[in-house]
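Trainee: So that we are looking at the same thing, I have put the structure below in structure tokens.
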């Protein structure tokens, strides 16, 4: 259980999650590119851009450490007014395109009739009250990405992304394509466009916040 | 040359010819033997193939969901005809095995060719459990998009061909997994039917 967060004071912190780390390499390309390394380098390039926009940015890992899904979610859940973005690079898709996902469970939630104090959220369903906010953020971010990364979809998708499930804040996953490139620099070169898209989407999201749960 | 030496030489020649013939046959047999991994897959598939499925059984049209070959992240339904058995569990095995091995091209494939469906159970309330080999986690390309296509193709294929299945649980080597290959949540039940994600 965790207390429901409120964005009453406005959104002011971005929890940026470079996926995987440590023994969990994530996707691997044929030429040896590894998702965990690339997303960390790209995340580090995004941080100063968001800070210039007035955001406090928290990375869920600073180096090649293995953090569990719940440990990463806990970073966001401890930050009032946080927005969570998990960064990934997939194995498939056209190079230089990006897809944004909000959480979609597969519909069957564990039955939990246990008495609960008002204002508390079950950890496994922490994202549930924030789904509308997350969908709105996903739509804004996907639109900005489609403008900057040709071939990216115009509209976001929803998927049962494990990392998003326990985040008690607006939360999206961004997956860049792909580790199948020959040279890591081709992906790292996209960092400025990604940072700009994220900054623009967050700026719009921040000035029109939805009702907090 | 003594008579004894002649006999020894003849025996040696005969032995050499026999060895050459045996060696050639052995090489041909080795060449016909599939590599160990392939042989293991064949053996696994043979073990889990639906009993009673005879090539003489009437062919039934089934709808299988594969990836759109243009790589837009969508699934496309394609119709194939299979000699389906009546039993829903065995029918599910047949349909899912076809989904794994019958993709018209590598671009259509959502599941690795090495994958084996180890078991499929269907309970009276419509809950189904599909237990796949470890290849689902280790060979499926890691990523949100590729993992979602894998799970969606299984779920929508079952939904299209087995109306008795109301919800699905995916196991890997008999165990519940937190994710498929690092991204997609496999801890819950997948409800069927459901509207496709955008």
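All of the numbers you see were taken from the coordinates with simple rules; none came from a lab. Everything quoted here is computed from the prediction, not taken from an experiment. Glycine gets a Cβ as well: all are built from the backbone with ideal geometry, and neighbour counts include every protein chain shown.
Trainee: Helix A:191-207 against the longest principal axis of chain A: what's the angle in degrees, Cα atoms only, rounded to the nearest 10?
Mentor: In chain A, helix A:191-207 runs at an angle near 20 degrees to the longest axis.
Trainee: Using 1/(1 + (r/R0)^6) with R0 = 41 angstrom and r between the beta carbons of residue A:66 and residue B:57, what's the FRET efficiency to the nearest 0.05?
Mentor: 0.25
Trainee: Give me the one-decimal nm value for the distance between modelled label points at residue A:31 and residue B:139, 7 Å along each residue's Cα-to-Cβ direction.
Mentor: Reported label-point gap for residue A:31 and residue B:139 is 2.6 nm.
Trainee: Next question. Relative to the longest principal axis of chain A, what angle (0 to 90°, nearest 10) does the C-alpha long axis of helix A:35-52 take?
Mentor: Helix A:35-52 sits roughly 70 degrees off the main axis of chain A.
Trainee: Ok, one more. If the label point is 7 Å along Cα→Cβ of residue B:89, which residues in segment B:114-155 have backbone nitrogen under 19 Å from it?
Mentor: Those under the cut-off are B:116-133.
Trainee: So, one more: Of all the C-alpha pairs in segment B:106-198, what % are more than 19 Å from each other?
Mentor: Value for segment B:106-198 (Cα pairs over 19 Å): 36 percent.
Trainee: Evaluate E = 1/(1 + (r/R0)^6) for residue A:53 and residue A:185, where r is the Cβ-Cβ distance and R0 equals 22 Å; express this FRET efficiency to the nearest 0.05. Could the numbers behind the result be given before it?
Mentor: Values: r = 26 Å, r/R0 = 1.17.
For R0 = 22 Å, the calculated efficiency reads 0.30.
Trainee: Then there is this: Could you work out how much longer the chain between residue B:2 and residue B:125 gets when fully extended? Use 0.36 nm per residue separation minus the Cα distance between them, nm to one decimal.
Mentor: Gain on stretching residue B:2 to residue B:125: 35.3 nm.
Trainee: Using only C-alpha positions, report the orientation-averaged shadow area of the convex hull of segment A:41-185, nm², one decimal. Don't skip to the answer; put the middle values down first.
Mentor: Working: hull surface 40.5 nm².
Computed as one quarter of the Cα hull surface, the answer is 10.1 nm².
Trainee: Ok, one more. Treat each spin label as a single point 7 Å out from the Cα along the C-beta direction, and report the residue A:23 to residue B:102 distance in nm.
Mentor: Taking the simple label geometry, residue A:23 and residue B:102 are separated by 4.0 nm.
Trainee: State, to one decimal in nm, how far the label point of residue A:95 lies from the label point of residue A:154, with both points 7 Å from Cα in the Cβ direction.
Mentor: 2.7
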